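Heads up, the thing below is written out as structure tokens.
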Amino acid sequence: MGREYTIGEVAELLQISRDALRFYERKGLIVPIKKKNGYRYYSDEHISSLLDILFLRKIQCSLQDIQTMFQDGTAEHLHEFFELRIKEEEERIRMHQKLLRQLMVSRHNNEKMIKNANQYSVRPIPRTYMFSEILDDMDQLREMWFQLVKKMPGLEHSYLHQQLIPQGSQSYEKRYYLVLEEFAVKKLKLEEKAKGLPSFQYDCCVYTVYESKSILPDQQTIDNMRKWAGQQGIVLTGEIHSHYLWNYLNDGKLEKSCVELYMPVKQ
């Protein structure tokens, strides 16, 4: 005969409440030994069954399903149940892994905002893949973005990229397209999608992150960046690349954007 445990000992051993043990008893899942003194005692077998119950509850198994498995279930029934739950958990893991990858990309963007806000520096544009055709209108690009996101999960993290090509004094040819940096492509598991897509990178750019009332760089911001480059003896090509990292809203309206700005250096 094995050891007998009081309800208090079982509660402490399994880290559950006495009320939970009484609840399982009322449901007929556990029937403790009742002695003449009126106290309930639990055997080693009860402990083992309670461990099974607690495990099944952790995986969101209903009490009705547990009752069926304990009282009427066959080995075949148990097998079907566990096969189903394994598939559900595998899908849940895939979804959590996807969310984790997305969080890493968002954190990467946030780190740019923290480390580079309102500071000028010289750095490269990393390998960047173009996930859309080139358009001449930002609103059109945004509409295209909404449609592409439906077909390719992960593109919700793409940048609405603006490229300004100088055409004279303060005049530019404007190009708009969706991009993802190589870091995001890898984290989001989009390497196969990126194969064969056009891409670009620059070894040396003047760079900053700044806050603006618009997602597009204004002339004053461009002039300030050029002035800083000139003070450092840096010669720029005149081309500009930008996209916003984050938008801040107030009462549903755009209050400010956090914009990333690159100006390639003439080699």
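The values are calculated or read from the model by the stated rules, or taken from the named source; none is laboratory data. A quick note: this is a predicted structure, and the numbers were derived from the prediction, not measured. Note: ideal-geometry Cβ built from the backbone for every residue, glycine included; neighbour counts use all protein chains shown. Just the protein is used for accessible areas: all its heavy atoms, side chains included, with ligands, DNA and RNA removed. Shrake-Rupley method; radii C 1.70, N 1.55, O 1.52, S 1.80 Å.
Does segment 3-52 hold any residues that are closer than 30 Å to Arg85 by Cβ, open to solvent by 70 Å² or more (accessible area, probe 1.4 Å) and not in a helix (DSSP H, G or I), and which are they?
Answer for segment 3-52, where residues must be closer than 30 Å to Arg85 by Cβ, open to solvent by 70 Å² or more (accessible area, probe 1.4 Å) and not in a helix (DSSP H, G or I): Gln15, Lys27, Val31.
When Tyr172 is evaluated against the numbered criteria (1) closer than 24 Å to Glu111 by Cβ; (2) in contact with a Pro (Cβ under 8 Å, 6 or more places away or on another chain); (3) among the aromatic types (Phe, Trp, Tyr), which criterion, by number, is the only one it fails?
Against the list (1) closer than 24 Å to Glu111 by Cβ; (2) in contact with a Pro (Cβ under 8 Å, 6 or more places away or on another chain); (3) among the aromatic types (Phe, Trp, Tyr), Tyr172 comes up short only on (1).
For Leu197, are the conditions met, namely being in a loop (DSSP other than H, G, I, E, B), out of contact with any helix residue (DSSP H, G or I) (no Cβ under 8 Å at 6 or more places or on another chain) and at negative phi? Walk me through it before giving the result.
Details: in a loop (DSSP other than H, G, I, E, B): yes; out of contact with any helix residue (DSSP H, G or I) (no Cβ under 8 Å at 6 or more places or on another chain): yes; at negative phi: yes.
Answer is yes for this residue.
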